Amino acid sequence: MGLQWWHLRNKIRKRKDLIYMLDVPHDQIARNKMLEEHNDRSRDTYQNDIRCKKLCSEATIPTRSHAHDAGWDLYASENCTIRPSNSQLVKTDIAMAIPKGHVGLIWPRSGLATKSGVDVFAGVVDSGYRGGVGVCLYNSGRVGLVIKKGDRIAQILFQEVPNMTMLEVDELDESNRGSDGFGSTGS
C-alpha cells in the first residue's frame, strides 16, 4: 500500500493545481489567499492613479477645482495667439501614464467655449502613449485668442475602455433605428 501511495502522490505532484492539496497546510492556504486579495486591492488603488511627469520645469501638473469634478484642467506651457477661424496645437509639457484599459479624453473648458468660442479638436490620449500631451485648440471667435503660459486651456477626463474585438459579418442584427442617419431623430 505504501508504494502505491508514493506512486500516486508523484503522479499528482506533476499537476500544479493539486500540489496545494497535498503539501500546503490549510492555514498556509488561507494566508496565501489573504495575501492575494490584499495584492489585488493594492493593484486596484494603483489603477486609480495617473502618473504625471513635467517635461519642463515651468509645466503645470493637471488639477481639479473640486475633489469630485470629472475633468482635470490642462495648462498651457507656452504663449501663443490663435487667429479667428484657426486651430493651433498648444503644448502642456506634461506626459502621463494612463493605466491600461483607460483613455484620456480632452474636452473644452466650458468657460472658454461659451465666452470665447474655443473648441478642442483631436482629444484622445491612449494608455500606451508616454509623450507630451498637446491640446489642439480651435478659435471660432471673431478676434484673436491670446493664450498665456499657465492658462487653463482644456480639461482631460479619464474613462475606462472595454476590451472589444472587431468581427466582420455579412449581416447585422436589426435595431429600432436601422440605418437612419443624421437628423433622423428630429431637430
Problem - Unique match (being small (Gly, Ala, Ser), in contact with a Pro (Cβ under 9 Å, 6 or more places away or on another chain) and either farther than 19 Å from residue 59 by Cα or surrounded by 14 or more Cβ atoms within 10 Å (Cβ to Cβ) (or both)) among 104, 141 - result: 141
Practice task
Hey, can you tell me all the residues within segment 149-187 that are touching a Lys or Arg at 6+ places or on another chain (Cβ under 9 Å) and either within 30 Å of residue 56 (Cβ to Cβ) or surrounded by 10 or more Cβ atoms within 10 Å (Cβ to Cβ) (or both)?
Solution key: 152, 153, 154, 155
Handout entry: Subset of segment 138-167 that is among the basic types (Lys, Arg) and in a loop (DSSP other than H, G, I, E, B) - its residue that is farthest from residue 107 (Cα to Cα)
Key = 142
Problem - Subset of segment 96-126 (residues that are more than 13 Å from the chain's Cα centre (by Cα) and either polar (S, T, N, Q) or part of a strand (DSSP E or B) (or both)) - result: 107, 110, 114, 116, 118, 119, 120, 121
Problem - Selection count, segment 58-77, where residues are more than 15 Å from residue 93 (Cβ to Cβ) and buried (at least 19 other Cβ atoms within 10 Å of the Cβ) - result: 2
Handout entry: Where residue 140 falls short, out of the listed (1) of a type in the set (S, T, N, Q); (2) over 21 Å from the mean Cα position of the chain (by Cα); (3) modelled with pLDDT under 95
Key = (3)
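The values are calculated or read from the model by the stated rules, or taken from the named source; none is laboratory data. What you see is a predicted model, and the numbers here were worked out from it, not measured in a lab. Methodologically, a virtual Cβ is constructed for each residue, glycine included, from the backbone with ideal geometry; neighbour enumeration extends over all protein chains shown.
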